[in-house]
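Notes follow once the structure below has been shown.
The values are calculated or read from the model by the stated rules, or taken from the named source; none is laboratory data. It should be emphasised that the depicted structure is a prediction, and the values quoted were computed from it without experimental measurement. Cβ coordinates were reconstructed from backbone atoms using ideal geometry, including for glycine residues, and neighbour counts include every protein chain displayed. All accessible areas refer to the heavy atoms of the entire protein, side chains included, with ligands and DNA or RNA removed. Shrake-Rupley method; radii C 1.70, N 1.55, O 1.52, S 1.80 Å.
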Amino acid sequence: MRKVLVTGGLGYIGSHTAVELQEAGFEVLIIDDLSNAELNVLDGIVAITGTRPHFEKIDLRVKNDVEDFFRRNKVDGIIHFAASKAVGESVENPLLYYENNLHTLNYLLQQCVKHNIDNFIFSSSCTVYGQPDELPITEDAPVQPAMSPYGNTKQISEEILVDVCHASNLQAISLRYFNPIGAHDSTEIGELPKGTPQNLVPFITQTAVGLRDELSVFGDDYPTPDGSCIRDYIHVVDLAEAHVIALQRLFDKKNEQDYEVFNLGTGRGSSVLEVVNAFEKVNSVKLNYKIVDRRPGDVISVYADTSKAAEVLGWKTKKTMEEALESAWRWEKKVRNKQ
Ligand code: UD1
């Protein structure tokens with residue numbers, strides 16, 4: 001049984017990926033520092049899969065602890081999620097982001113080279129494209145100057161991977177996510193941000209459940225059909241499945257280059273107001289919202305060209321945005337005991 005280390009494996013996308021890995025027959029080891037996740041996510045993973053992954057609470061910025069982990073554990077591949085992801089926080093505290101997102105990658109890759117761990121999947125973002133000239137966005141679209149330190153860490157991480165793949169036996173795949181939403185159908189795991197949610201869907205569900213007074217829709221004067229920003233919302237379970245497929249591609253040595261990138265999206269753009277309306281409709285709830293000023297740094301419209309992932313990975317999304325919004329709502333109600 002192949003052993004896969006999932007860093008940040010108790011986080012939102014990490015936990016869904018840990019489930020898919022276990023269901024595909026991999027042995028999962030999780031490292032998480034619990035800075036933005038709860039230990040009881042492990043129970044959710046067990047409830048779905050029947051198997052408790054090996055877990056260690058490690059802060060990947062502590063190099064000695066990282067080295068110690070790899071001295072004690074043999075792994076065949078790594079899926080690296082652990083990182084900070086709040087755009088605004090990264091503008092206020094860039095050094096934290098450069099340390100959290102870059103030192104940690106460096107330490108992990110040092111261990112990959114040292115212990116001959118050649119298979120590495122990296123959690124990247126469509127943020128590397130900025131506001132592209134052409135939509136949908138293909139992987140060939142130029143990487144634009146980053147709009148935040150967070151975005152910059154994703155770009156630099158990808159560059160680090162290119163260099164390390166060139167200089168060693170490492171083979172890596174960067175998966176550039178569009179906007180992951182939704183929860184596992186079992187509602188045993190889902191998105192649970194600490195503090196005020198920065199992202200749209202958790203803010204919607206927390207407003208609907210009564211934790212927040214109202215949702216602010218950031219701008220209705222963009223050059224889009226209804227004036228609100230457009231994003232490509234992808235169900236987190238579809239996204240998680242793509243990680244298993246990408247990792248298997250490396251294990252099978254089917255990759256064409258040492259370093260590859262894939263967009264993970266649905267190919268469909270939805271505006272903020274369309275998401276709000278779909279949420280209300282699919283869940284029969286009324287959402288309190290108001291239009292406010294634009295949020296600084298937001299791009300107008302981004303959605304993926306998904307043909308490379310379809311042709312090369314043989315992967316495309318199976319679930320709809322409505323299914324994601326329905327599961328997100330069931331999850332929120334369950335977490336707040338409002339079922
Ligand atoms: C943001 C980052 C992206 C990062 C991701 C991770 C930017 C430009 N992009 O994605 O790089 O990978 O977070 O978390 O910051 N919205 C509202 N009201 C809200 C929240 C959001 O109207 O309360 C709108 C936003 O203006 C945007 C859309 O909803 O148009 C999606 O926002 P969000 O969920 O924060 O994701 P991104 O900004 O696309």
Taking the stretch 269-293 and keeping only residues that are surrounded by fewer than 14 Cβ atoms within 10 Å (Cβ to Cβ) and either in a strand (DSSP E or B) or on the phi > 0 side of the Ramachandran plot (or both), one is left with 284, 290, 292
Selection from the stretch 226-258 of residues in a loop (DSSP other than H, G, I, E, B) and either of a type in the set (Ser, Thr, Tyr) or open to solvent by less than 30 Å² (accessible area, probe 1.4 Å) (or both) yields 227, 228, 229, 232, 255
Listed by range, helices (runs of 4 or more DSSP H) wholly within the stretch 65-149 having at least 2 residues that are open to solvent by 50 Å² or more (accessible area, probe 1.4 Å) and away from the ligand (no atom under 14 Å from the Cβ) are 94-98, 104-115
Scanning the stretch 227-240 residue by residue, those out of contact with any Lys or Arg (no Cβ under 9 Å at 6 or more places or on another chain) and within 12 Å of the ligand (Cβ to nearest atom) turn out to be 227, 228, 230, 231
Of the conditions (1) within 13 Å of the ligand (Cβ to nearest atom); (2) crowded, with 18+ Cβ neighbours inside 10 Å, the single one that residue 300 does not satisfy is (2)
Picked from the stretch 153-166 (must be touching a residue at least 40 places away in the same chain (Cβ under 8 Å) and of a type outside the set (A, V, I, L, M, F, W, C)), the residue farthest from residue 127 (Cα to Cα) is 166
